[in-house]
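S.K.: This structure is in structure tokens; I'll ask about it shortly.
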Amino acid sequence: MSTFKNAVVSLSSRERVAKTPFGARIVIHATAAETGGAFGMWETFTPPGHGPAPHTHTRETEVFRVIRGLYRFRCGDEAFDAPVGSVVVLPPNVCHSWRNISKEPGQMFGTVTPGGCEQLFIDIEATGADTPEKIAVIEARLGIVNEMTLALGLAGPQPH
């Protein structure tokens, strides 16, 4: 149960800008630290043709709302397109990815529950992590598994 008791306000005049593992701009709106662990919230701005490599969250459920662009999602063996207005909920422990397949920059609003993986973006920005290996260390600490965390031996046992 969440223990946060104060409003979390993200003002456009004081945006917290960070980067995704694939280098896109992201604006952090709320963190686990601010919400007693209940959720994290951000907005991602995705160039055409970009998106994260296939990965698995071992802790969070992710929710995305497409604001601009057309995104192709993969979740397990399923693939589907999500146009503007779509809401996509991705379960934990299932490999997934998404990509902006439109010719225009895309924008999605993301939420995770419980919060925590939004720290990835903050830590990439704060540490200047600029290689897949450096980013994989941060991802592994946050329970995010992908080919690089596995190749480096950073990921624990994987759920089936």
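The values are calculated or read from the model by the stated rules, or taken from the named source; none is laboratory data. Since we're looking at a predicted model, the values are computed, not measured. FYI the Cβ positions are ideal-geometry reconstructions off the backbone, even for glycines, and counts take in every protein chain you see.
S.K.: Among R68, R141, R74, R99, which is the only one that is more than 29 Å from F4 (Cβ to Cβ), among the basic types (K, R) and in contact with an Asp or Glu (Cβ under 9 Å, 6 or more places away or on another chain)? I'd like the intermediate steps shown before the answer.
M.R.: Working: R141 fails: more than 29 Å from F4 (Cβ to Cβ); R74 fails: in contact with an Asp or Glu (Cβ under 9 Å, 6 or more places away or on another chain); R99 fails: in contact with an Asp or Glu (Cβ under 9 Å, 6 or more places away or on another chain).
The conditions single out R68.
S.K.: On the given criteria, is G85 on the phi > 0 side of the Ramachandran plot and exposed (fewer than 15 other Cβ atoms within 10 Å of the Cβ)?
M.R.: It is true that G85 is on the phi > 0 side of the Ramachandran plot and exposed (fewer than 15 other Cβ atoms within 10 Å of the Cβ).
S.K.: Test each condition in (1) in contact with a Ser or Thr (Cβ under 7 Å, 6 or more places away or on another chain); (2) over 24 Å from A136 (Cβ atoms); (3) among the hydroxyl-bearing types (S, T, Y) for T44 and report the one that comes out false.
M.R.: Against the list (1) in contact with a Ser or Thr (Cβ under 7 Å, 6 or more places away or on another chain); (2) over 24 Å from A136 (Cβ atoms); (3) among the hydroxyl-bearing types (S, T, Y), T44 comes up short only on (2).
S.K.: If you don't mind, another one. Might you let me know whether region 89-109 holds any residue that is part of a loop (DSSP other than H, G, I, E, B), in contact with a Gly (Cβ under 7 Å, 6 or more places away or on another chain) and free of Cβ contacts under 8 Å to residues at least 40 places away in the same chain?
M.R.: yes
S.K.: Restricted to region 2-19, and to residues that are out of contact with any Gly (no Cβ under 9 Å at 6 or more places or on another chain) and surrounded by 10 or more Cβ atoms within 10 Å (Cβ to Cβ), which residue is farthest from K134 (Cα to Cα)?
M.R.: V8
S.K.: Would it be correct to say that E34 is touching a residue at least 24 places away in the same chain (Cβ under 8 Å), touching a Cys at 6+ places or on another chain (Cβ under 8 Å), surrounded by 13 or more Cβ atoms within 10 Å (Cβ to Cβ) and of a type outside the set (V, I, T)?
M.R.: On the way: touching a residue at least 24 places away in the same chain (Cβ under 8 Å): yes; touching a Cys at 6+ places or on another chain (Cβ under 8 Å): no; surrounded by 13 or more Cβ atoms within 10 Å (Cβ to Cβ): yes; of a type outside the set (V, I, T): yes.
When the stated conditions are applied, E34 does not pass them.
S.K.: Go through region 50-75 and count every residue that is buried (at least 16 other Cβ atoms within 10 Å of the Cβ), under 22 Å from Q119 (Cα atoms) and aliphatic (A, V, I, L, M).
M.R.: 2
S.K.: Now, a different point. Considering only residues that are surrounded by fewer than 21 Cβ atoms within 10 Å (Cβ to Cβ), among the acidic types (D, E) and within 15 Å of the chain's Cα centre (by Cα), which ones fall in region 103-151?
M.R.: Within region 103-151, D123, E125 meet the criteria.
S.K.: Within the set of pairs 6 or more residues apart or between chains, which connect a residue that is at positive phi inside region 132-160 to a residue that is at pLDDT 90 or above and not hydroxyl-bearing (S, T, Y) with Cβ atoms less than 7 Å apart?
M.R.: Sorted first by the residue in region 132-160, then by its partner, the pairs are G143/H57; G143/R59.
S.K.: Further, regarding this structure: Those residues that are under 11 Å from P105 (Cα atoms) and either at pLDDT below 95 or in a loop (DSSP other than H, G, I, E, B) (or both), I need them from region 42-81; list them, please.
M.R.: Looking only at region 42-81, we keep the residues that are under 11 Å from P105 (Cα atoms), and these are 44-50, 67-71.
Once the filter is applied, which keeps residues that are under 11 Å from P105 (Cα atoms) and either at pLDDT below 95 or in a loop (DSSP other than H, G, I, E, B) (or both), region 42-81 yields P47, P48, G49, H50, G69, L70.
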